[in-house]
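The values are calculated or read from the model by the stated rules, or taken from the named source; none is laboratory data. Here the structure is a predicted model, which is why all the values come from computation and not from measurement. Methodologically, a virtual Cβ is constructed for each residue, glycine included, from the backbone with ideal geometry; neighbour enumeration extends over all protein chains shown. These area figures cover heavy atoms from the full protein model, side chains too; ligands, DNA and RNA do not enter into them. Shrake-Rupley method; radii C 1.70, N 1.55, O 1.52, S 1.80 Å.
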Amino acid sequence: MNEMSKPAVPTAFTRPHAAADLVLPAPARGEPGTEEGQTLVHAASEEPFAFVPHTLPDQADALVTAARTAFESGPWRSLPVTERAATLRRISALVLDHADELARLQTLETSIVIAQSRGMHVARTAENFTFFADLLAGHAGESYEQSGRYLSVVTREPVGVALLIAPWNAPLVLASMKLAAAISLGNSVIVKPSEYAPLAVLRLVELVREAGVPDGVVQVACGTGPGIGNALVSHPGVDVVGFIGGTETGRRIMASAAGSLKKVGLELGGKSANIVLASADLERAVDGSLMGIFAGNGEQCLAGSRILVEDGIADEFIARFTARTKALKVGDPFDPTSEIGPMAFAAHFEKLLAFGETAHSDAAYTVLAGGERVEGMDRGYFFAPTVVEASDNSSDLCQTELFGPFATIQRVRDLDAALAIANDSEYGLASYIWSDDLPSVMRARRALRAGTVWVNTPMARDLRSPFGGYKQSGIGRDGLPGSIELFTEEKTTLIPQEPLDLPKLGAGEG
Ligand code: NAD
């Protein structure tokens, strides 16, 4: 990595014991990935660059008590909404003021290329806070006056203490969406970033505090899932869990949360179909399909990883898509011209290499590009952008979420065949369709069993619309109204409009 471009690691991690306000001190310096702490390794150089002490399970109580105290004492939730909204706008401005620093921290720990960290992720992180500031301005309750006797008023109140668990693949965007939603609605939160990528989120939390969110309202717990993560999920003092991560982990979280019957929102894995019909604008479909699978190093829940292309244009599409894949610029994530960086950490890289071996050795697949370490890049977790033609949708590579720059392509007879294959997956997070034929698009839109259907676009997000998954891709939705539903309780208050003539029980008048 270019030394000049290396961001400063927050002092919290070079002097862990001075950072008691950010993370509770670890008892001892641990080895990579132990319960005591995590040594972070930059994926391009394989060099360790930070040690993050972990919050241990027996410290969960202290965190929850602090969050609960901040909630009950009420300096945040009782703030007039205009002031809460103003604080959210200050956070957004601070995020933009520190855009370079945040982007570089995220790139350091995830290896998302700097152009995307800076241009897409930080911008969206800032927008998440302004979005919820705007929402507060227009947020209203409901009232009913059905009989004239009663006025029924429905208001929403914060749930209490919210645990927000984030994955490593897009830490800023994902943690900030939950954080902005939960605090805007008056909750106290504990953020649990991934042990592989906590730094940008920690810096974000510092900025949230700098913007004036009162003490105790936003806490951070760094550490492992089975350790502090599980201790917090099962803690009776946590009222709601907003989880983003893998499907298997989601199942564990739901089971663990059941013990104290708390609300759980789950945003989980995906294996999204990307349908390209003969009626598509081919050039745009190639551009968009490349973005769909290779943006964010392919380490994206919404990646369009299963490309289904109609027979009539299959040869042409596959030739163009494969040529462009081979021409992708894989390199140092801090190089502004890099299009794909290395895989985020060693274990994930090893997993992708194993999938690559399967592709090379199993007759069900034809490897058209990649499937192995990038030739000549012996240092760093550089996995070559991969295109594999698959003959059977039930095969492992077509059903498993690979979570890397790894596309499978299947040829399909027509739209009906494409829709059947698209829905033949345990996941249902997103889907893509490329076609200029409106009836085909409309039929696909109705038939696809997925939370989002992107039509002639690789990905776009309007925060007012819901985002989440069918089937094993999750429960609940981010955006509206899902974020409000997760982070508030509804309260109905019934008020008689005139004195009631009540039956006089016990007055001997019966
Ligand atoms: P993961 O499930 O391994 O971990 C996610 C988070 O959960 C981490 O912070 C981890 O420490 C924590 N965790 C793990 N076990 C836990 C437990 N038992 N109790 C409490 N916390 C626990 O996922 P990952 O590898 O970090 O992220 C990749 C996955 O996330 C992919 O499957 C991807 O599709 C999914 N994802 C989904 C969305 C979405 O919006 N649907 C967005 C991004 C990523």
Quiz item: So, counting K/R as plus one and D/E as minus one, what does the shell of residues with Cβ under 11 Å around L40 add up to?
Solution: -3
Quiz item: So which GluC sites (Glu not before Pro) in region 296-379 are both in a DSSP loop and have at most 10 other Cβ atoms within 10 Å of their Cβ?
Solution: E375
Quiz item: How high is the relative contact order of the chain, in percent, with contacts defined as C-alpha pairs under 8 Å that are six or more residues apart?
Solution: 17
Quiz item: Going down the table (K271/K351; K271/K329; K178/K351; K192/K471), which pairs top 21 Å between alpha carbons?
Solution: K271/K329; K178/K351; K192/K471
Quiz prompt | Fully extended contour minus Cα-Cα distance, from A417 to D281, at 0.36 nm per residue | solution = 46.9 nm
Quiz item: Once the dipole of the chain is set up with Lys and Arg at +1 and Asp and Glu at -1 on Cβ about the Cα centre, which of A103, S147, F382 lies farthest towards its positive end?
Solution: S147
Self-check item: Cα-based equivalent ellipsoid of region 273-455: semi-axis lengths in Å, sorted from largest, via gyration tensor
Solution: 27, 17, 15
Quiz item: Roughly how many Å is it from the Cα centre of region 179-226 to that of region 285-304, as a whole number?
Solution: 29
Quiz prompt | Accessible carbon and sulfur surface of region 273-455 relative to its total accessible area, %, 1.4 Å | solution = 49
Exercise. Could you tell me which GluC sites (Glu not before Pro) in region 108-178 are loop residues by DSSP with no more than 16 other beta carbons within 10 angstrom of their beta carbon?
Key: E145
Self-check item: Nearest 10 degrees, 0 to 90: helix 311-326 Cα axis against the chain principal axis
Solution: 90
Quiz prompt | Local electrostatic count at R306 - Lys and Arg +1, Asp and Glu -1, tallied over other residues with Cβ under 11 Å | solution = -1
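Mind listing which trypsin sites (Lys or Arg not before Pro) in region 246-355 are in a DSSP loop and have 11 or fewer other Cβ atoms within 10 Å?
K329
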Quiz item: For the Cα atoms of the chain, what angle does the longest principal axis make with the long axis of helix 199-210, in degrees from 0 to 90, nearest 10?
Solution: 30
Self-check item: region 93-163: mean projected area of Cα convex hull, nm²
Solution: 7.4
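Taking all pairs of different Cα atoms in the chain, averaging 1/r and flipping that mean, what Kirkwood radius in angstroms comes out?
Details: mean 1/r = 0.0415 Å⁻¹.
One decimal place: 24.1 Å for the Kirkwood radius.
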Exercise. Taking the Cα atoms of region 233-374, report the difference between the largest and smallest coordinate on each principal axis, in whole Å and largest first.
Key: 57, 36, 36
Quiz item: Can you give the angle from 0 to 90° between the axis of helix 81-97 and the longest principal axis of the chain, with both taken from C-alpha atoms, to the nearest 10?
Solution: 30
Quiz item: Tally Lys/Arg at +1 and Asp/Glu at -1 over every other residue whose Cβ is under 10 Å from the Cβ of L163; what's the total?
Solution: +2
Quiz item: Across all directions of projection, what mean area in square nanometres is found for the Cα convex hull of region 404-477?
Solution: 5.7
Exercise. Take every DSSP beta bridge whose two residues both sit in region 133-268, then give the antiparallel share in percent to the nearest 5.
Key: 15
